[in-house]
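Here's the structure we're looking at; comments come further down.
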Amino acid sequence: MIWTLFALIFWAAAYWLNTKIAASPLAETRFGKFAVPMLFGITLLVVWEGLVRGLDVPGVILPPPSAIAVTFAQELDILRADFIQTFVKGALTGYLIGAMSAFAVAVAADRYEFLRLGLLPVGSFMAALPVIGTAPILVMWFGFDWHSKAAVVVVMVFFPILVNAVQGLRASEPMQRDLMATYAAGYWQTFWKLRLPAAMPFVFNGLKIATTLALIGAIVAEFFGSPIVGMGFRISTSIGQLELAMVWAEIVVAALAGSAFYGLIALAERSTTFWHPSQRR
Amino acid sequence: MMRSLVPVLTVVMVIIGVWYVAAAWMNATWTLQQAARAEQQLSPVEVLQDTMVQKRPRLPAPHQVAVELWETTVEKKVTSKRSLIYHGWITLSATLLGFAIGTGLGILLAVGIVYNRAMDMSVMPWAIASQTIPILAIAPMIIVVLNSIGLQGLVPKSIISAYLSFFPVVVGMVKGLRSPDPMQLDLLKTYSANGAQVFWQLRLPSSVPYLFTSLKVAIAASLVGAIVGELPTGAVAGLGARLLAGSYYGQTVQIWSALLAAAVLAAILVGIVALAERITLRRMGIAH
Amino acid sequence: MLNQAEIDGFAEPPQDRSVATAPVVIGAEHLGLVFQTRDGIVEALKDVNIEIRKGDFVSFIGPSGCGKTTFLRSVAGLETPTSGQLTVNGMSPDEARRARAYGYVFQAAGLYPWRTLARNVRLPLEIMGYSRAEQKERVARVLDLVGLSEFAKKYPWQLSGGMQQRASIARALAFDAEILLMDEPFGALDEIVRDHLNEQLLALWARTGKTIGFVTHSIPEAVYLSTKIVVMSPRPGRITDVIESPLPPERPLDIRDTPEFLTVAHRVREGLRAGHAYED
């Protein structure tokens, strides 16, 4: 009872505080922009803890954040092994292979118009399909280990990166290309000096989307078959054992990995496309 | 559009061609193994023929998948548990329900974010951050948890679909509601327009193109959510269930036909949204 | 930048300046260009005859659709005429393009936002294979010529429109091309900046002796800058009048208030009127 009350009071207070900050000059400062969502997030955790304890929610339905934190600390070794299996071996490998091959195909499609006209509609189509469905097939071909997961990731990231890269390579304006014609520049000179730099904002857009897809692909692919290690594996077996705190701990790892991965790519984007209007605030 | 017709057809033909070659190549191993076991000698043509009609091929040939699709759709009663249309409908209903809920809530939250500064500052960063978190990974857990409190079948899956379509709609709608340029807003100020008028006359119409872009992403994500949501319940009904069942029992042709059915479903759904987009934008005068 | 004293100090015109004995650099004979569009056939150029000699400053003026940009682009080898003859330095325009015979300045500066000003000016030099030392020297020289030396390390989006356009001109001057083709380079700038740049362009022309083809919408600009003014009219794109300017080669901005200037401007306006430029 006390817990529930505490949760509700905390929520009301935090809401009041956030509204106050948002309405004040603090809202424009970096402190304000950081504090408000942080406060919102902390409130969610506190309310969660309070309501779960106060309403006596069974741990097999929804464990409180404190239980998740304890499990996280206790099972660090398992979590690390799962992380390496799924993220490093599965997602990262697949991401790199998928991105490089997608980019190579995009360059070919830029060079040969016939290829581009045929590939772009097909590629956009494939990018919208439930590619995760290829997971069972790829597990059958590549076995249970991380190779099949990397393969799923390759298929998942290939088409979004391809579509964005092809669009990016077309982004240079006709006037820019005319200028290159007046210099009698060859195809590859124009490619390295104009088309490639101009394509970067689009390419990074695709790369950012692909980071999320890579992680999802690697984890969900493990639902279809996996050795006894891996985040997806741990999640599905923990659900079977009703060890929900472990499931949430794995999700925390996934969330941290996903955000870090995305952040890394965004950082690379900032330094490469510093000149783009969206990056110069 | 016409200009791309020939290249697109060419690319599709090449894909099918490569598919046949790959099927022949990948299935040949098993054929040769069987022949060695029966101590038979097979000519290349016989090997080739066999690779095209295996019961459990490593890679089903396109015509095998086509036949399976035909048999499980047209030749079965729609109510039969073996009909792909039946399974497709199970998945589709969860997708549509989730899509409707996610879109509705998403639009509401977007309006809240645009009009309430506190909500904007607290929720928006999380909305953007959540797109980097693999939500799909917790789908099984949500299903199991909801099952244990009595919610089964359609509702838990729709909740996953709703969640997956929710964030793209929020992010896109916020962008769209904020897209009118300052000049337009100033003009309405000179007319002393009130908040509701600004919303209905300017902000909402401006957000329509952005909304449709998000809807296309959202409906594709909804479908994926519904499919993954079917995995943990022991694979009873739906396209995801067919995928899982096929992979458990080694029925590769079944896997491929379920996958293709899901692909066709995705294409149709996105196509319907795209059509709605074309019609709406044309009626609004935003020529395409 | 050249100061007023230097600009005023041109006592006599340098040699080979718009004299009838100078060689023909750009020659067009019965030149025609027909476009196929969705709304039917468009005659962008019809029966264009013109001779541009070494050292000329020729302006092309007319309303939209009169073919002036199309003509310039044909000279640059960016468009292909459908009938008639066009030679540049005695070769076909495409051969001249591959021989890098001209520098082209577009309506928009078109600088690469990911390169500094200096690196932007270096772009043609990198492509044409000049040595690193040469590149450095030439970039410094042309940036000095247009007065942008202190902005060499800045990015285009940090500078004003006028400065970006000056950088674009510097880029066209960086390599050795006898011909400079400019398509409404000052069109997007306000009049005060424009006047200033007109002065600088004229001084540049005096200093370098290049042959310049200049497309413009502005009558005072055409009369102020050129030794020869070509008045064109649309539908079909053709030449209505060719005016050999009687104005002396050294021209302070004040020359725009003199009666001689106004006479030429009047003649240009008459040519435009004859070509129906002022009707709907």
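Numerical summary
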quantity	calculated
Considering residues of region B:123-142 that are more than 19 Å from the chain's Cα centre (by Cα) and under 18 Å from B:ALA241 (Cα atoms) only, the residue nearest to the other protein chains (Cβ to nearest Cβ)	B:MET141
Within region A:230-251, tally of residues that are part of a loop (DSSP other than H, G, I, E, B) and either at the interface with another protein chain (Cβ under 9 Å from one of its Cβ atoms) or surrounded by 18 or more Cβ atoms within 10 Å (Cβ to Cβ) (or both)	3
Any hit, region B:107-115, residues being farther than 30 Å from B:LYS157 by Cβ and at pLDDT 85 or above	yes
Cross-chain or 6+ apart pairs with Cβ under 6 Å, region B:143-154 first and within 9 Å of chain A (Cβ to nearest Cβ), then part of a loop (DSSP other than H, G, I, E, B) and surrounded by fewer than 17 Cβ atoms within 10 Å (Cβ to Cβ)	B:VAL145/A:ILE61
Residue check, A:LEU215 facing another protein chain (nearest Cβ under 9 Å), crowded, with 24+ Cβ neighbours inside 10 Å, in contact with a Gly (Cβ under 8 Å, 6 or more places away or on another chain) and over 30 Å from A:ALA260 (Cβ atoms)	no
Where a residue in region B:243-267 is on the phi > 0 side of the Ramachandran plot and its partner, wherever it lies, is surrounded by fewer than 21 Cβ atoms within 10 Å (Cβ to Cβ), with Cβ under 7 Å and at least six apart	B:GLY250/B:ARG56
Leading residue by the ranking (farthest from B:PHE166 (Cα to Cα)) among those in region B:59-99 that are in contact with a helix residue (DSSP H, G or I) (Cβ under 8 Å, 6 or more places away or on another chain) and of a type in the set (Gly, Ala, Ser)	B:ALA61
Residue that is farthest from the chain's Cα centre (by Cα), among those in region A:181-197 that are in a helix (DSSP H, G or I) and facing chain C (nearest Cβ under 8 Å)	A:THR182
Residue check for B:LEU281: in contact with a helix residue (DSSP H, G or I) (Cβ under 8 Å, 6 or more places away or on another chain), facing chain A (nearest Cβ under 9 Å) and among the hydrophobic types (A, V, I, L, M, F, W, C)	no
Test: residue in region A:39-47 that is surrounded by fewer than 16 Cβ atoms within 10 Å (Cβ to Cβ), within 10 Å of chain B (Cβ to nearest Cβ) and in a helix (DSSP H, G or I)	yes
Matching option when the condition is modelled with pLDDT of 85 or more and over 14 Å from B:VAL123 (Cβ atoms), among A:GLY50, A:GLY59, A:GLY32	A:GLY50
Cβ pairs under 9 Å, 6+ apart, first in region A:252-281 and within 14 Å of chain C (Cβ to nearest Cβ) and in contact (Cβ under 8 Å) with a residue 24 or more places away in the chain, second of a type in the set (Phe, Trp, Tyr) and in a helix (DSSP H, G or I)	A:GLU269/A:PHE204; A:THR272/A:PHE204; A:THR273/A:PHE204
Filtered residues of region B:214-242 (kept if more than 10 Å from chain A (Cβ to nearest Cβ), in a loop (DSSP other than H, G, I, E, B) and either farther than 23 Å from A:PHE144 by Cβ or touching a residue at least 12 places away in the same chain (Cβ under 8 Å) (or both))	B:GLU230, B:THR233, B:ALA235, B:VAL236, B:ALA237, B:GLY238
Of all residues making up region C:173-204, the number that are at pLDDT below 90, within 20 Å of C:LEU253 (Cα to Cα) and touching a strand residue (DSSP E or B) at 6+ places or on another chain (Cβ under 7 Å)	0
Test for B:LEU185: is it surrounded by fewer than 16 Cβ atoms within 10 Å (Cβ to Cβ) and either among the hydrophobic types (A, V, I, L, M, F, W, C) or part of a helix (DSSP H, G or I) (or both)	yes
Counted residues, region B:216-228 - those being under 18 Å from B:ILE142 (Cα atoms) and either of a type outside the set (Gly, Ala, Ser) or modelled with pLDDT under 85 (or both)	4
Which listed residue is of a type in the set (D, E, K, R), surrounded by fewer than 21 Cβ atoms within 10 Å (Cβ to Cβ) and touching a helix residue (DSSP H, G or I) at 6+ places or on another chain (Cβ under 6 Å), from C:GLU126, C:GLU79, C:GLU95, C:GLU51	C:GLU79
Scan of region A:131-171 for residues that are within 10 Å of another protein chain (Cβ to nearest Cβ), of a type outside the set (Val, Ile, Thr) and in contact (Cβ under 8 Å) with a residue 60 or more places away in the chain, ordered by number	A:ALA135, A:PRO136
Any hit, region A:211-233, residues being over 30 Å from A:LEU138 (Cα atoms), in contact (Cβ under 8 Å) with a residue 40 or more places away in the chain and among the hydroxyl-bearing types (Ser, Thr, Tyr)	no
Region A:1-12: number of residues that are within 14 Å of chain B (Cβ to nearest Cβ) and either surrounded by 12 or more Cβ atoms within 10 Å (Cβ to Cβ) or modelled with pLDDT under 85 (or both)	1
Residue match in region C:27-50 (condition: among the small types (Gly, Ala, Ser) and either assigned to a loop (DSSP other than H, G, I, E, B) or within 12 Å of chain A (Cβ to nearest Cβ) (or both))	no
Among (1) closer than 27 Å to A:ILE61 by Cα; (2) in a loop (DSSP other than H, G, I, E, B); (3) away from chain A (no Cβ under 14 Å), the one test that B:PRO180 misses	(1)
Residue list for region B:127-140, filter: without any contact (Cβ under 8 Å) to a residue 12 or more places away in the chain and either within 21 Å of B:PRO180 (Cβ to Cβ) or in contact with a Leu (Cβ under 9 Å, 6 or more places away or on another chain) (or both)	B:THR132, B:ILE133, B:PRO134, B:ALA137
Qualifying residue in region A:24-31 (condition: facing chain B (nearest Cβ under 7 Å), closer than 17 Å to B:ARG117 by Cα, part of a helix (DSSP H, G or I) and not aromatic (Phe, Trp, Tyr))	yes
Region C:151-170, subset under 25 Å from A:THR273 (Cα atoms), part of a helix (DSSP H, G or I) and among the aliphatic types (A, V, I, L, M), residue nearest to the other protein chains (Cβ to nearest Cβ)	C:ALA167
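Condition check ((1) touching a helix residue (DSSP H, G or I) at 6+ places or on another chain (Cβ under 8 Å); (2) acidic (Asp, Glu); (3) on the phi > 0 side of the Ramachandran plot; (4) crowded, with 18+ Cβ neighbours inside 10 Å) across all residues:
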| residue | (1), (2), (3), (4) |
| --- | --- |
| B:ASP181 | no, yes, no, no |
| B:GLN197 | yes, no, no, no |
| B:GLN201 | yes, no, no, no |
| B:LEU204 | yes, no, no, no |
| B:VAL208 | yes, no, no, no |
| B:ALA218 | yes, no, no, yes |
| B:ALA226 | yes, no, no, yes |
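The values are calculated or read from the model by the stated rules, or taken from the named source; none is laboratory data. What you are looking at is a predicted structure, and each value in this text was computed from that prediction instead of being measured. In this analysis, Cβ positions are derived from the backbone assuming ideal geometry, glycine residues included, and neighbour counts consider all displayed protein chains.
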